[in-house]
1. Need the C-alpha centroid separation for region A:1-75 versus region B:3-19, integer Å.
2. Using the beta-carbon distance between B:ARG63 and B:PHE12 and R0 = 25 Å, what value does 1/(1 + (r/R0)^6) give for FRET efficiency, to the nearest 0.05?
3. For A:HIS29, A:HIS10, what's the fewest-to-most ordering of other Cβ within 10 Å of each Cβ?
4. What area, in nm² and to one decimal, does the C-alpha convex hull of region A:50-114 cast on average over all directions?
5. List B:SER80, A:SER58 from most exposed to least, where exposure is judged by having the fewest other Cβ atoms within 10 Å.
6. Over every pair of different alpha-carbon atoms in region B:50-118, take the mean of 1/r and invert it; report that Kirkwood radius in Å.
7. Check each of the trypsin sites (Lys or Arg not before Pro) in region A:1-85 and keep only those in coil by DSSP with at most 16 other C-beta atoms within 10 angstrom; list them in order.
8. Which semi-axes, in whole Å and largest first, does the equivalent ellipsoid of chain B have when worked out from the alpha carbon gyration tensor as the square roots of 5 times its eigenvalues?
Amino acid sequence: DTGVSQDPRHKITKRGQNVTFRCDPISEHNRLYWYRQTLGQGPEFLTYFQNEAQLEKSRLLSDRFSAERPKGSFSTLEIQRTEQGDSAMYLCASSLRGGEDEQYFGPGTRLTVT
Amino acid sequence: AQKITQTQPGMFVQEKEAVTLDCTYDTSDPSYGLFWYKQPSSGEMIFLIYQGSYDQQNATEGRYSLNFQKARKSANLVISASQLGDSAMYFCAMKRVNRGSTLGRLYFGRGTQLTVWP
């Protein structure tokens, strides 16, 4: 399988708990992105990495959110002290810098905070 | 700031007919890229087509074509010969480009739900 994978696909958690999501990009892609999508909206950018460097973070990425890509391969997104407003689909994408740089998305992780 | 506007919340088309999904954008950047993605009910975003702001010709990919009108800041997606499997949400997106290198994030519109009926 050469696509972007995300784990878990679904997560239900209670308010106040911490959650961590994982994304494995397409193997030769050096850029990795995280987006959040709520119902009826387009994806909203959270952050992106080029190799292991985090190059940009959105203001949406509050101090409860942290993302890492320690070896320039997979990435994790952690949300601490979850709130009901964090309920959304979290999408990961990867791209190969250069050319059209089109982003290929994974299936997403649907988070529900109760 | 970059902004994408998709004014059609929903569109309906009969199988085998063509359909146009509208997208307008706003940016002050001289260079940018425009993308269309399809999101079926399963949730995964599928890349369809790309248009660079300096490309002279409209992009085409199989049954998909992009009607790019730079002066009007529009980048409409045309799907020819619609199929039942085309029923999905369609998103227009934009990326900034600086000195030939894209600058990371995509800016998405709110999407258009396309329904293809037999």
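Throughout, read-outs are computed from the coordinates displayed, never taken from laboratory work. Just so we're clear, the structure is a prediction, and the values are computed from it rather than from any experiment. Using ideal geometry, Cβ is built from the backbone for each residue, glycine included, and neighbour counts are taken over all protein chains shown.
1. Between the Cα centres of region A:1-75 and region B:3-19 lies a distance of 30 Å.
2. Details: r = 18 Å, r/R0 = 0.71.
The value I calculate is 0.90.
3. Values: A:HIS29 17, A:HIS10 10.
Fewest-to-most ranking of A:HIS29, A:HIS10: A:HIS10, A:HIS29.
4. Numbers: hull surface 20.5 nm².
If I average the Cα hull's projected area over directions, I get 5.1 nm².
5. Values: B:SER80 13, A:SER58 16.
Lowest count first: B:SER80, A:SER58.
6. Working: mean 1/r = 0.0729 Å⁻¹.
Roughly 13.7 Å, rounded to one decimal.
7. Numbers: sites: A:ARG9, A:LYS11, A:LYS14, A:ARG15, A:ARG22, A:ARG31, A:ARG36, A:LYS57, A:ARG59, A:ARG64, A:LYS71, A:ARG81; in loops: A:ARG9, A:LYS14, A:ARG15, A:ARG59, A:ARG64, A:LYS71, A:ARG81.
Answer in residue order: A:ARG9, A:LYS14, A:ARG15, A:ARG59, A:ARG64, A:LYS71, A:ARG81.
8. On the way: eigenvalues 122, 41, 30 Å².
Rounded to whole Å, the semi-axes are 25, 14, 12.
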